[in-house]
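Undergrad: Submitted below is the structure of interest, expressed as structure tokens.
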């Protein structure tokens, strides 16, 4: 009986356990289903959120790329603008530089104009103390000017050659005998030395005659026809003239001449031609014969005077540079025959015997258009360049046209016999 009760109880327990297990299983399954549904909802929500975030990121990335592209374009435009500004700044700087140059030129012109209208009497008073009268002790022969503070006075060769005994009278009336220390006939320049070394006078200043401009104002001071300390004024008519001049039955071809129209006459020779600053730009030597014309006068350029006078003082002579060729100016006919473009240049007509040109590369019929790369227009330019820039034994380069071919030929400068 007891066993039956125990078995019954066990059966009841088994049934109860199975029911409870079934109930638990069903309950757990429901919870799992609920969790599954919740997980699905969560996943859907998260997927929706992720999609939204992805869309936002994509939109943001697109905006960023667009903005970046825009920034790149803006940077490119900015760089272009910077480059443009740099160009504008550079152009402005250049214009400023040009304006500064123009302002300087205007100032220079203004200065020159102010100097050109300088009171002539004031200019005369400033420079006349450095001028001189040249004579033989009885009468005046010509004019001169004080070259340095060592008693040297410059005059013309054709004035000095007339004097067996030279006397120099200064503007203040003091006088002294003088000795000819040297002269150069080809340049028409001579230097005298005062015997009385106590006659101290401020020398005149020599200008750079390469800077002389056509049309600038000039004055001449001298002693025409014994009319002492005479001043005349005019303008520069031309530079680098090469002229045949006759004086005392002698005819010489002289280079490095400044042509001007300030009236001079016999007795002015050797006197100074001065610019509006009171600087010597030339040594008066000649005028055109009045029977042939008026208003054409010549002075040896100050740069030539400076070279010649320095050598005359140092060594008593001047070795005149010479290349030994006969040349003529070009004519329109020669230009057409040779197919040249202009009449600027000179034609080689001959080579002198025993001259530097013999054995050199220069040939007859060559057309010389430049010397040491400096363009020349005529014989005056060629001879003036040699006279002011070359000495014996210097090399020189001539640019020539030979049979329509342009070339450079070289030779060595010699000493004129």
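Undergrad: Mind checking which residues of segment 370-394 are farther than 23 Å from residue 306 by Cβ and touching a strand residue (DSSP E or B) at 6+ places or on another chain (Cβ under 6 Å)? Reasoning before the result, please.
TA: Within segment 370-394, the first condition is being farther than 23 Å from residue 306 by Cβ, and the residues that meet it are 370, 373, 375, 377-378.
Listed by number, the residues that qualify are 370, 378.
Undergrad: Would you be able to say whether some residue in segment 270-289 is free of Cβ contacts under 8 Å to residues at least 12 places away in the same chain, touching a strand residue (DSSP E or B) at 6+ places or on another chain (Cβ under 9 Å), in a loop (DSSP other than H, G, I, E, B) and more than 19 Å from residue 205 (Cα to Cα)? Before the answer, list the steps.
TA: In the first step, residues of segment 270-289 are kept if they are free of Cβ contacts under 8 Å to residues at least 12 places away in the same chain; the result is 288-289.
After this cut, where a residue has to be touching a strand residue (DSSP E or B) at 6+ places or on another chain (Cβ under 9 Å) as well, the list is 288-289.
Those still in the list that are in a loop (DSSP other than H, G, I, E, B) too: 288-289.
Then drop every residue that is not more than 19 Å from residue 205 (Cα to Cα), which leaves 288-289.
Looking through segment 270-289, at least one residue is free of Cβ contacts under 8 Å to residues at least 12 places away in the same chain, touching a strand residue (DSSP E or B) at 6+ places or on another chain (Cβ under 9 Å), in a loop (DSSP other than H, G, I, E, B) and more than 19 Å from residue 205 (Cα to Cα).
Undergrad: Shifting gears a bit: Quick one: is residue 303 in contact with a helix residue (DSSP H, G or I) (Cβ under 6 Å, 6 or more places away or on another chain) and either modelled with pLDDT of 95 or more or in a strand (DSSP E or B) (or both)? I'd like the intermediate steps shown before the answer.
TA: On the way: in contact with a helix residue (DSSP H, G or I) (Cβ under 6 Å, 6 or more places away or on another chain): yes; either modelled with pLDDT of 95 or more or in a strand (DSSP E or B) (or both): yes.
It is true that residue 303 is in contact with a helix residue (DSSP H, G or I) (Cβ under 6 Å, 6 or more places away or on another chain) and either modelled with pLDDT of 95 or more or in a strand (DSSP E or B) (or both).
Undergrad: Could you list, in sequence order, the residues of segment 235-252 that are surrounded by fewer than 20 Cβ atoms within 10 Å (Cβ to Cβ) and in contact (Cβ under 8 Å) with a residue 40 or more places away in the chain?
TA: Taking segment 235-252 as the starting set, the residues that turn out to be surrounded by fewer than 20 Cβ atoms within 10 Å (Cβ to Cβ) are 235, 237-238, 242-252.
Scanning segment 235-252 gives 237, 242, 243, 245, 247, 248, 250, 252.
Undergrad: Would you mention how many residues in segment 389-403 are under 17 Å from residue 415 (Cβ atoms) and in a strand (DSSP E or B)? Step through it out loud before you land on a result.
TA: Keep residues of segment 389-403 that are under 17 Å from residue 415 (Cβ atoms), which gives 389-396.
Now restrict to residues that are in a strand (DSSP E or B): 395-396.
Of the residues in that region, 2 qualify.
Undergrad: Is one or more of the residues making up segment 310-331 under 15 Å from residue 155 (Cα atoms), within 29 Å of the chain's Cα centre (by Cα), surrounded by 21 or more Cβ atoms within 10 Å (Cβ to Cβ) and in the same structural domain as residue 220 (by TED's automatic domain parsing)?
TA: No, every residue in segment 310-331 fails to be under 15 Å from residue 155 (Cα atoms), within 29 Å of the chain's Cα centre (by Cα), surrounded by 21 or more Cβ atoms within 10 Å (Cβ to Cβ) and in the same structural domain as residue 220 (by TED's automatic domain parsing).
Undergrad: Another question, then. Find the strands (runs of 3 or more DSSP E) located wholly in segment 136-198 whose residues include 2 or more that are out of contact with any helix residue (DSSP H, G or I) (no Cβ under 9 Å at 6 or more places or on another chain), and list them.
TA: Numbers: elements: 140-146, 152-155, 166-170, 175-184, 189-194.
Hits in segment 136-198: 152-155, 166-170, 175-184.
The values are calculated or read from the model by the stated rules, or taken from the named source; none is laboratory data. Only a predicted model underlies this, so the values are computations on that prediction, with no experimental measurement involved. Ideal geometry is used to build each Cβ from the backbone, glycine not excepted, and the neighbour counts take in all protein chains shown.
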